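**Q** Pasting in a structure now, in structure tokens, and then I'll have a few things to ask.
None of the figures in this text is laboratory data; all of them are computed from the coordinates on show. The structure displayed is predicted, hence computed values, not measured ones. With ideal geometry, Cβ positions are generated from the backbone for all residues, glycine too; neighbour counts draw on all protein chains shown.
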4 protein chains.
Amino acid sequence: SDTAVLTVTCPDRGGIVAAVSQFLFNHGANIIHSDQHSSGLAGGTFFMRMEFSLAGLDLALEPLRRAFQSVVAEPFGMEWRLSDAARPGRMALMVSRYDHCLLDLLWRVRRGDLNAEVPLVLSNHEDLRGDAETFGVPFHVIPVTRENKPEAEAEQVRRLREAGADFVVLARYMQILSGDFLREVGCPVINIHHSFLPAFVGANPYRAAFERGVKLIGATSHYVTEDLDAGPIIAQDVIPVTHRETPESLVRLGRDVERQVLARAVKAHADHRVLVEGNKTVVF
Amino acid sequence: SDTAVLTVTCPDRGGIVAAVSQFLFNHGANIIHSDQHSSGLAGGTFFMRMEFSLAGLDLALEPLRRAFQSVVAEPFGMEWRLSDAARPGRMALMVSRYDHCLLDLLWRVRRGDLNAEVPLVLSNHEDLRGDAETFGVPFHVIPVTRENKPEAEAEQVRRLREAGADFVVLARYMQILSGDFLREVGCPVINIHHSFLPAFVGANPYRAAFERGVKLIGATSHYVTEDLDAGPIIAQDVIPVTHRETPESLVRLGRDVERQVLARAVKAHADHRVLVEGNKTVVF
Amino acid sequence: SDTAVLTVTCPDRGGIVAAVSQFLFNHGANIIHSDQHSSGLAGGTFFMRMEFSLAGLDLALEPLRRAFQSVVAEPFGMEWRLSDAARPGRMALMVSRYDHCLLDLLWRVRRGDLNAEVPLVLSNHEDLRGDAETFGVPFHVIPVTRENKPEAEAEQVRRLREAGADFVVLARYMQILSGDFLREVGCPVINIHHSFLPAFVGANPYRAAFERGVKLIGATSHYVTEDLDAGPIIAQDVIPVTHRETPESLVRLGRDVERQVLARAVKAHADHRVLVEGNKTVVF
Amino acid sequence: SDTAVLTVTCPDRGGIVAAVSQFLFNHGANIIHSDQHSSGLAGGTFFMRMEFSLAGLDLALEPLRRAFQSVVAEPFGMEWRLSDAARPGRMALMVSRYDHCLLDLLWRVRRGDLNAEVPLVLSNHEDLRGDAETFGVPFHVIPVTRENKPEAEAEQVRRLREAGADFVVLARYMQILSGDFLREVGCPVINIHHSFLPAFVGANPYRAAFERGVKLIGATSHYVTEDLDAGPIIAQDVIPVTHRETPESLVRLGRDVERQVLARAVKAHADHRVLVEGNKTVVF
């Protein structure tokens, strides 16, 4: 299916949908899916995602981008992106020792369920090398200690850039990334946190859930910001648990929610369905 | 919030969104929400729902309708409807002896959660008169027997028309409605079936679920057609059950799903979010 | 169904199940349901619930209690309770202005879904008098202000005792109860909090959920302790939400979860299925 | 944790729990978990599962079995099994070409989440050899055609017996097994069906779900009987879907439910939590 995806964020006002859809129609683009959202009419922000067929297009994507910028984007003050849907995103993975999120993502990429390719898996441990290499994916270890953290992060950034990563997924990567890393890496970083945020931030959320005696445990996938566990949430889910569970069985049960929620968030991101404003997301 | 809702169904082709949004923009209508769906580009059907503000409109709704018909609807071969969102739909209820769906809907109307008013509750039994009248709603009994069914249905239709019903909700009405009734009543009829259709059609689905030993029970809300339990599905949900349950406890547990699913379907319908094609629905 | 329910909490050690089941068998009690749980073998706590038929019993309940105390409970150091399942619990309700939890519980009691009767509804406002009285339930208003709170609570306690309440349900009662009240009232108090605890404690959790951009909202029913929103959790549930929701629509959607979770917790309590230890519950 | 699991099915009557728990106590077995269920007092069937510690046992498992048979099982007419919980079950897998259920089970076995080992993967195709062999699991292909089916099944049975399979899991095995196979194989066979049974029996359930326009799709894991798709259900689950899905995307979404439901059913079976009577299961 040869399609492109246009995502737009701009101050809300009249005529946006008309201008965009008229522009696309004029250039022979047939809209296949369209979603829009406004955070409020007066002074609100307008969000839109349009997926259209490339079949009848009168321009290539690059000149279409130039035309869109001058004809539509500038008059409306838009932040926008036009992505070739056929081009899989380059998704770099960072992992430590847990295999469930890594395996699940690699398997989905292999199946073609995720519109992504994996140029690199970075880890601070050797443990998962075999799993990555089974899927034919390069695996590189950069040990991280309290002492070498700045140098290790610099090396991570270098590798991620070299790999041409469009986005990074922390598939249970157990180190906190510094603000420097996030600024330097220059692309979105998606994390999976093993609780229903904002409950149980920080380390050991399953133990905390056990101590509190909750009847549901969950997982949260979010974009990483400098503010730990506080970035914009992309996806969340929970499963019911009872008094029968131990901290260990919560960890086991939680793995299924973690991989499922992370996969859902990554798919939404890879399909250009997530728009961020401030600390929140619009997921079309 | 003074808004109107435009719903459109037509053969899919290029330029529909552009034409509609340009038309609305030209008349000063600011689009607040927009959803669209296509059942397939080549020969598919296009579905759209647009909600727009009436604030800056240059025409009243009736002239706007006339303009839309000639400028947009005719060229594209549209079936369409333009509804004043501020006008609550007239929802007639038909019930027998179970109170849970009736009470839930009447309570939601009273709270203002449902954009509807209830001009009439029709029943084949006296049992629920008190409940209806507590909410200040007219309650009328038309007994139905094997012998008088055609006359009873004719009387039901007469009452529903007199009440000016925009749609009818069978809130656990335990009689099968004939094709004649459905043709005569002239408005959509929404039912709640106490199973996850198409499993367990017909009477006594909880008993059937118990006999089969299923681990989930559910409910299905659908538009009523002559083909029993086979009309277009609007909403469905299930809850987990175990071997501990009896047919009686399944009935009790099921009531919570029934009322919840019916309320969700009715709200979607009342908010002009449901478009029907053939035996299926698009729920925006 | 003439049955009794025995609940037991004691230090875990060998022979408990054998001793209890042998005792019941000796007295002609046929066990219908049995659940047990241990928080850990070494130094853990043992929890049990047994429901048995009264049909072949050789003693009345009161002498059976005396026998159980000396033959089984004392040797094992048990805290225990033997309840006549046929006797509905006396459930007093405390409400403020929101009607959804109150109505849902009254509907369930009337329908026979909850093994409870309602001797009294206490409120700090007049608003819900009509709803309570429709169900023939006494409704009493005790206004609460910052100034009169100690006197108001004393009067509440007096009324609740007079009504012979076995337990109290705060069906969206919007005042914080003091430690004095909780000690004086002398029976369990069940609350419904409108978030997935421990996320969003305190007032206005839907607003906080909106600000945080969560993708699920929930409700938590718990026993009330002096530590606000921190008592033992009985039941929790969540529903998915999207960026489309406003703080107001979250409140509307949340009502359905609140009443459902509260009803589930109240039913578990009324059926003698909840055992508390420390800050956690075992729900059989 | 050195424990054993006793499962019992027998006609319900008084004294069963007392007899079993007294027997275990006399032999120094400390009960850790206990579950029981009765399908009805008068003429009903009693089901029980008890897990107990082997630490203080005065007999080895084999003499304990002999003692249990004569002291308890015979007098009460019990069908029973006493399993060493530390011994992983031998789980043979049968697959065709879909990898998701196979991989998910192999991941769980490797991680120690499933109390099972995999002595053999049987397939009618070569496709998944690489996946199985990555996990060090023997993979054997027996092609099945309309002509050779009886011989192929005889060979399958021979291989499964040789592998010492305690149970067989059809992890999306796309051939119907004959009654002969089921009788000869002599151990339970667990299947995953890609719909919420009894809706959409037979081939191509996702296509059927699409045509019917359902709003949920599901999966069902059940023991295989000669009656296709009608065996005792162990686990079921569903996920919500909308009009946006195609038959192809339903297949993709369904994979996540299939593997999750199958894993849950297999874990329950491997932990000796499933008792069958007639066409239904008790899952403790």
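**Q** Can you pull the one-decimal nm distance between simple spin-label points at B:Glu79 and B:Glu155, each 7 Å off the Cα toward Cβ?
**A** It works out to 3.4 nm between the two label points.
**Q** Need one number: nm distance between label points at B:Thr246 and B:Asp127, each 7 Å from Cα along Cα→Cβ, rounded to one decimal.
**A** The modelled label-to-label distance comes out at 1.9 nm.
**Q** Among the listed pairs B:Lys215/D:Lys267; A:Lys267/B:Lys267; C:Lys215/D:Lys215, which are separated by more than 24 Å between their Cα atoms?
**A** Checking Cα-Cα distances, A:Lys267/B:Lys267 exceed 24 Å.
**Q** Please compute the contact order of chain C in relative form: average sequence separation of alpha-carbon pairs under 8 Å and at least six residues apart, divided by the residue count, as a percent.
**A** 16
**Q** Go ahead and set up a Gaussian network model of chain B, Cα springs under 10 Å, then flag whichever of B:Val95, B:Val257, B:Val17 fluctuates most.
**A** So, out of B:Val95, B:Val257, B:Val17, the one fluctuating most is B:Val17.
**Q** Could you state the per residue volume, in Å³, of the convex hull enclosing the Cα atoms of the protein assembly as shown?
**A** 200
**Q** Return the sequence-ordered ³J(HN,Hα) values of the stretch D:192-203 in whole Hz as given by the Karplus equation 6.51 cos²θ - 1.76 cosθ + 1.60 applied to θ = phi - 60°, using x for Gly and Pro.
**A** Karplus-based 3J(HN,Hα) across the stretch D:192-203 equals 10, 9, 8, 7, 7, 5, x, 6, 6, 5, x, 6 Hz.
**Q** How far apart, in nanometres, would the label points at D:Glu162 and D:Gln175 be if each is projected 7 angstrom from Cα along the Cα-to-Cβ direction?
**A** So the label points at D:Glu162 and D:Gln175 sit 1.6 nm apart.
**Q** Please list, ordered by chain and number, the residues whose modelled amide H lies under 5 Å from the amide H of C:Leu197; skip anything fewer than 5 residues away on the same chain.
**A** Distant-sequence amide H within range of C:Leu197: C:Thr220.
**Q** Between A and C, which A residue has the Cβ nearest their rotation axis, distance in Å?
**A** Result for the A and C rotation: A:Ala199, 2.
**Q** From the Cα gyration tensor of the stretch C:127-226, with a ≥ b ≥ c the square roots of its eigenvalues, which class applies: rounded if a/c is under 1.5, or else prolate if a/b is larger than b/c, or else oblate?
**A** Prolate, because a/c is 1.5 or more and a/b exceeds b/c.
**Q** Is the shape of the stretch B:89-283 best called rounded, prolate or oblate, per the rule: a/c under 1.5 gives rounded, else a/b larger than b/c gives prolate, else oblate, with a ≥ b ≥ c the square roots of the Cα gyration tensor eigenvalues?
**A** Rounded shape, in that the Cα axes give a/c under 1.5.
**Q** So, one more: Given R₀ = 51 Å, what would the calculated FRET efficiency be for C:Thr134 paired with D:Arg65, taking r from the Cβ atoms and rounding to 0.05?
**A** With R0 = 51 Å, the Cβ-Cβ based efficiency is 0.25.
**Q** Sort D:Phe284, C:Phe167 so the one with the fewest other Cβ atoms within 10 Å of its own Cβ comes first. Mind showing how you got there, number by number?
**A** Numbers: D:Phe284 23, C:Phe167 19.
Final ranking by Cβ density, sparse to dense: C:Phe167, D:Phe284.
**Q** Another question, if that's okay. From the Cα gyration tensor of the stretch C:62-169, with a ≥ b ≥ c the square roots of its eigenvalues, which class applies: rounded if a/c is under 1.5, or else prolate if a/b is larger than b/c, or else oblate? It would help to have the intermediate numbers written out before the result.
**A** On the way: a/c = 3.33, a/b = 1.74, b/c = 1.91.
It comes out oblate by the Cα gyration axes.
**Q** Averaged across C:229-235, how many Cβ atoms of other chains sit within 10 Å of each residue's Cβ atom?
**A** Values: counts 0, 1, 1, 2, 5, 2, 3.
Shielding by partners across C:229-235 averages 2.
**Q** Amide H of A:Thr225: which non-local residues (sequence gap of 5 or more, or other chain) have their own amide H closer than 5 Å, using H built in the peptide plane?
**A** Here the answer is A:Ala230, A:Gly231, since their amide H atoms fall under 5 Å of that of A:Thr225.
**Q** Something else about it: For B:Leu170, which sequence-distant residues (separation of 5 or more, or a different chain) have an amide H within less than 5 Å of its own amide H, given hydrogens modelled in the peptide plane?
**A** Here the answer is B:Met94, B:Ile190, B:Asn191, B:Ile192, since their amide H atoms fall under 5 Å of that of B:Leu170.
**Q** Can you give the local net charge around B:Leu197? Use residues other than it whose beta-carbon is closer than 11 angstrom to its beta-carbon, Lys and Arg +1, Asp and Glu -1.
**A** Its environment carries a net charge of +1.
**Q** To continue, here is another question. Please figure out what share of the DSSP beta bridges in the protein assembly as shown is antiparallel and state it in percent, rounded to the nearest 5.
**A** Taking every DSSP beta bridge within the protein assembly as shown, about 70 percent pair in antiparallel fashion.
**Q** May I pose another question? If you wrap a convex hull around the alpha carbons of the stretch C:1-134, what volume per residue comes out, as a whole number of Å³? Mind showing how you got there, number by number?
**A** Details: hull volume 19.3 nm³, N = 134.
Here the figure is 144 Å³ per residue.
**Q** Please report the spacing between the Cα centers of the stretch B:220-279 and the stretch D:73-125 in Å, no decimals.
**A** Centre-to-centre distance over Cα atoms comes out at 37 Å.
**Q** Let me ask something additional. Can you work out ³J(HN,Hα) from phi for every residue in the stretch A:129-139, in order, using Karplus 6.51 cos²θ - 1.76 cosθ + 1.60 and θ = phi - 60°, giving whole Hz and x for Gly and Pro?
**A** Along the stretch A:129-139, the couplings run 4, x, 4, 5, 5, 4, 8, x, 10, x, 10 Hz.
**Q** Karplus couplings for the stretch D:161-168 from phi (6.51 cos²θ - 1.76 cosθ + 1.60, θ = phi - 60°), rounded to Hz, Gly and Pro as x?
**A** Taking θ as phi minus 60°, the curve returns 5, 4, 6, x, 5, 7, 7, 10 Hz for the stretch D:161-168.
**Q** Counting only helical runs of four or more DSSP H residues, what would the 222 nm mean residue ellipticity of chain B come to if each run contributes -39,500 (n - 2.57) and the total is spread over all its residues?
**A** Only helices count here, giving -9500 deg cm²/dmol.
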